[in-house]
Amino acid sequence: MNHKRVLLIVGGGVAAYKSLELVRLLRKAGVAVRPILTAAGARFVTALSLGALAEDPVRSDLFSLEGEAEMGHIELSRSADLVVVAPATADLMAKAANGLADDLASTTLLATDKPVMMAPAMNVRMWLHAATQRNLATLRGDGVVIVGPDEGAMACGEYGPGRMAEPEAIFGSIMTALRAGRRPLAGRHVLVTAGPTAEPIDPVRVLTNRSSGKQGYAIAAALADLGARVTLVSGPTALATPAGVTRVDVETAQEMEAACRRALPADAAVCVAAVSDWRPDAVFPVKLKKGHAGPPAVTLVENPDILAGLSSAGPCRPTLVVGFAAETNDLEANARAKLARKGCDWIVANDVGEGGSGAGIMGGDENEVLLLDAAGAQRWPRAGKAEVARRLAERIAAALIPGESA
């Protein structure tokens, strides 16, 4: 990536502060960043901070005597491998969709012949407005890649879609775009499990866990980005299916095991799902009611061990089987024991205990993992789940493809 360059246009909005972290991630990956800061964007972040992180002067003035003496907006529009707008405000999207050019950012977008990516950020009503949706459709039709927006609480106090995607997610999309054409896993099939399982007690209640499925979905997306044919077997989540991924929805551990068996053969299996170890031995046919006799007795029986089953010797065993371990204490010791017990090739472990370095990770947007294999252990620093997924996908490609480096 040392010869890749991104032209980053920072629009006006509270989310502009996220552009600073995006620049840091890109520079850390060796990608050069040339920033353009709009007049509205300068209300939220300074040219000094943006330029310091980018290690490149910030451009903002279309009528700069120094820059425009050499038609600077034309040079800017052609100098990068990718043009990224983050945050992409409703105004910037409207200008780009309709070919308007009245400042450096919009003029550069109209003059570029390079791929364009936008990360929208605006109030939920602005995002849902018919005009914005028309502009969005036009931009997509023109080939612009749209990342996000996310759904959540906004600075204005409202809730809904319109939050700019997190820097790690935008970074992952940028890296995928810059690697376009590099698909080391093309022709390979990878099975990924994700999310929780839900074991019914009665028609209303279930035994489940706090898994959101975010890490498994991010891994499925990262593997698909590298060209793999990905089958994602998912427990109940509220997440959208990643692009290019085949998703199979299940609820119970038994259903997940059956779906994994049907998905074989596979070159690799990545078991991220938080599968319930036990289930009720019988499901009550009607909703249980409170009574004077106290709570009913629920007898638990063991669920199938999906990871151990996929790891067992046999003609359908994937070449590489990766398990995940969410631990609350003695992280490395417990993970090493699980690696030996399950018979898999790697274990990716994280500490989800309240006192651990990964406190709050389960269901969150970041992860800090310990990767164990027969050769030893590697600690990966805390990062967004998209970045952890990208790094793991690269390592899987290196393990499956001779000569491929992680």
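Among the residues of the range 305-331, those identified as of a type in the set (Asp, Glu) and crowded, with 16+ Cβ neighbours inside 10 Å are 305, 327.
Restricting the search to the range 127-148, which residues are assigned to a helix (DSSP H, G or I) and either in contact (Cβ under 8 Å) with a residue 24 or more places away in the chain or among the charged types (D, E, K, R) (or both)? If the condition is that a residue be assigned to a helix (DSSP H, G or I) and either in contact (Cβ under 8 Å) with a residue 24 or more places away in the chain or among the charged types (D, E, K, R) (or both), then 127, 128, 131, 132, 134, 135, 136, 138, 139, 140 are the ones that fit.
Out of the residues in the range 7-54 that are assigned to a loop (DSSP other than H, G, I, E, B) and under 27 Å from the mean Cα position of the chain (by Cα), state the one that is nearest to residue 115 (Cα to Cα). Residue satisfying both the conditions and the ranking: 31.
Residue 234 fulfils the conditions (1) surrounded by 24 or more Cβ atoms within 10 Å (Cβ to Cβ); (2) closer than 28 Å to residue 84 by Cβ; (3) not basic (Lys, Arg) except for a single criterion, (2).
When each of 151, 168 is tested for being in a strand (DSSP E or B) and charged (D, E, K, R), the lone residue that passes is 151. Of all residues in the range 248-305 being part of a loop (DSSP other than H, G, I, E, B) and of a type in the set (D, E, K, R), which is nearest to residue 319 (Cα to Cα)? Restricting to residues being part of a loop (DSSP other than H, G, I, E, B) and of a type in the set (D, E, K, R), the top hit is 267. If the condition is being among the small types (Gly, Ala, Ser) and either touching a Leu at 6+ places or on another chain (Cβ under 8 Å) or surrounded by 12 or more Cβ atoms within 10 Å (Cβ to Cβ) (or both), then the range 124-151 contributes 131, 148. Considering only residues that are small (Gly, Ala, Ser) and modelled with pLDDT of 95 or more, which ones fall in the range 221-261? Correct list: 234, 235, 253, 258, 259.
Are any of the residues in the range 312-330 touching a Leu at 6+ places or on another chain (Cβ under 6 Å), touching a residue at least 12 places away in the same chain (Cβ under 8 Å) and either in a loop (DSSP other than H, G, I, E, B) or not assigned by TED's automatic domain parsing to the domain that holds residue 202 (or both)? So far as the range 312-330 goes, yes, one or more of its residues are touching a Leu at 6+ places or on another chain (Cβ under 6 Å), touching a residue at least 12 places away in the same chain (Cβ under 8 Å) and either in a loop (DSSP other than H, G, I, E, B) or not assigned by TED's automatic domain parsing to the domain that holds residue 202 (or both). Candidates are the residues of the range 47-84 that are more than 21 Å from residue 17 (Cα to Cα) and of a type in the set (Ser, Thr, Tyr); the one that is modelled with the highest pLDDT is 79.
Is there any pair linking a residue in the range 202-216 that is of a type in the set (Val, Ile, Thr) to one that is assigned to a strand (DSSP E or B) and surrounded by fewer than 19 Cβ atoms within 10 Å (Cβ to Cβ), with Cβ under 7 Å and at least six apart or on different chains, and which? Taking only residues 6 or more apart or on different chains, the pairs are 206/200. Scanning the range 215-235 for residues that are over 19 Å from residue 262 (Cα atoms) and not in a helix (DSSP H, G or I) yields 226, 227.
The values are calculated or read from the model by the stated rules, or taken from the named source; none is laboratory data. Small disclaimer: the values here were computed from a predicted structure and weren't measured. Please note: Cβ atoms are built from the backbone with ideal geometry, for glycine as well, and neighbour counts cover all protein chains shown.
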